[in-house]
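First the structure, in the form of structure tokens, and then the observations on it.
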Amino acid sequence: MPQVRFMTLARHIIEGEKKHPEATGELSKLLSDLSLAAKVISLEVNKAGLVDILGFTGDNNVHGEKVKKLDMFAHDMITRAMDHGGHLCVMASEEEEDIIHIPSRYKVGKYVLLFDPLDGSSNIDANISIGTIFSIYRRITPDGKPGQLEDCLQQGLNQVAAGYIVYGSSTIFVYTAGEGVHGFTLDPSFGEFLLSHENIRIPKKSTIYSINEGNYLYWHPGLKKYIKYLQEEDAKTGRPYSTRYVGSMVADIHRNLLYGGIFMYPADHRHPNGKLRLMYECNPMSFIIEAAGGRSTNGKQRILEIQPKKLHEKTPIFIGSEEDVLKVEEFMAKEEVSNEIYLSSIT
Ligand code: P6P
């Protein structure tokens, strides 16, 4: 267990902003409001098995996926915790089709919040770790007016902060505001997030890979060769790698951030753009992993440089230890020609 210093999340955020004389303290308050929502969600997640909020609401989300009650609880909790602080001009949630306006009775701020309220929620009933993911941007439309869709459709490079909360054996809040990646473990006895993982760096190379091998048949030929390469025996390069795949992105990325590893959700002929959402999952996780010294691309292009066109668009993603991501890109580039043949053969 990492050494826990008595440094609270709130204090750490304020200390971080003090390094920037121009800071107004708004970002600190925004992140603190978010940590409050996280504490409440953590309480519900940890007693989900006891309280009748398991099972389906019967509704579907914008992606046609059945919504679990805890999903909507988390969505509502974050929306309600964040809409009146005066720091945001607009929000967008993976669980809601359109942008979420700030009620007219509240002050409009200069930041934008995008979030996936409860990622990996299909695992809730099996008591597998799940998580909340968030991205914070500065608005690009004029101050003082309600935020617009274009405030939400910014390249991931423009994020001012990003983070996730993983609800697992303990609840950990991980964030970066551009000055390193830091983790805080919730002490439920007095409800504070305490600094437990200071300045996290992801190992440059790992021996762990995370991918749903059930989709092997549909993969790019270069990816198939890369996975077979990882399974060969070669002590010098630490092969064969171990495969670790929870099926909950926050849990998989958190483990790989701490131990090293590459997480992949590629395109295939059933998911031509992959499965994971650019704005709610891939951009925030890429901002964090790059801040920790890792790499994140769609196989060719840096995720953070993708210009989003739609709020819920998806992207393939290869994210984690830098050398491992470069290696899979190398394997796929070698098959470039057959990639065209591959795509024409399956579409
Ligand atoms: P598959 C969970 O539903 C999720 O959105 C991510 O958290 C996770 O990494 C991925 O989908 C798992 O998808 O197709 O492997 O079950």
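The values are calculated or read from the model by the stated rules, or taken from the named source; none is laboratory data. Every value quoted in this text rests on a predicted model; they were computed, and no experiment measured them. Cβ atoms come from the backbone with ideal geometry, glycine included; neighbour counts cover every protein chain shown. We work out accessible area using only protein heavy atoms, side chains counted, and drop any ligands, DNA or RNA first. Shrake-Rupley method; radii C 1.70, N 1.55, O 1.52, S 1.80 Å.
Flag: LEU257 matches the condition of being assigned by TED's automatic domain parsing to the domain that holds ARG302 and either within 25 Å of ASP116 (Cβ to Cβ) or of a type in the set (Asp, Glu) (or both).
Taking (1) more than 23 Å from the chain's Cα centre (by Cα); (2) of a type in the set (Ser, Thr, Tyr); (3) within 22 Å of LEU27 (Cβ to Cβ) in turn, THR237 satisfies each apart from (3).
For segment 91-125, a residue qualifies if it is outside any loop (DSSP other than H, G, I, E, B) and within 16 Å of the ligand (Cβ to nearest atom), and the qualifying residues are SER93, LEU114, PHE115, ASP116, PRO117, LEU118, ASP119, SER121, SER122, ASN123, ILE124, ASP125.
Selection over segment 270-286 of residues that are in contact with a strand residue (DSSP E or B) (Cβ under 8 Å, 6 or more places away or on another chain) and either aromatic (Phe, Trp, Tyr) or over 13 Å from LEU153 (Cα atoms) (or both) gives a count of 11.
Conditions (1) closer than 14 Å to TYR265 by Cα; (2) out of contact with any strand residue (DSSP E or B) (no Cβ under 8 Å at 6 or more places or on another chain), marked per residue:
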site: GLY214; (1), (2): yes, yes
site: TYR218; (1), (2): yes, yes
site: LYS228; (1), (2): no, yes
site: TYR241; (1), (2): no, no
site: MET249; (1), (2): yes, no
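Restricting attention to segment 67-90, the residues that are assigned to a strand (DSSP E or B) and β-branched (Val, Ile, Thr) total 2. Inspect all residues belonging to segment 248-255 and state whether any of them is open to solvent by 10 Å² or more (accessible area, probe 1.4 Å) and more than 15 Å from the chain's Cα centre (by Cα). For segment 248-255, residues open to solvent by 10 Å² or more (accessible area, probe 1.4 Å) and more than 15 Å from the chain's Cα centre (by Cα): absent. The number of residues in segment 162-187 being in contact with a Lys or Arg (Cβ under 9 Å, 6 or more places away or on another chain) and assigned to a loop (DSSP other than H, G, I, E, B) comes to 2. Those helices (runs of 4 or more DSSP H) of segment 212-316 in which 3 or more residues are away from the ligand (no atom under 15 Å from the Cβ) occupy 221-230, 283-291.
Tell me, yes or no, whether segment 131-151 has at least one residue that is within 16 Å of the ligand (Cβ to nearest atom) and open to solvent by 20 Å² or more (accessible area, probe 1.4 Å). No, segment 131-151 contains no residue that is within 16 Å of the ligand (Cβ to nearest atom) and open to solvent by 20 Å² or more (accessible area, probe 1.4 Å).
When segment 187-211 is filtered for residues that are over 26 Å from GLY293 (Cβ atoms) and not acidic (Asp, Glu), the ones remaining, listed by number, are PRO188, SER189, PHE190, GLY191.
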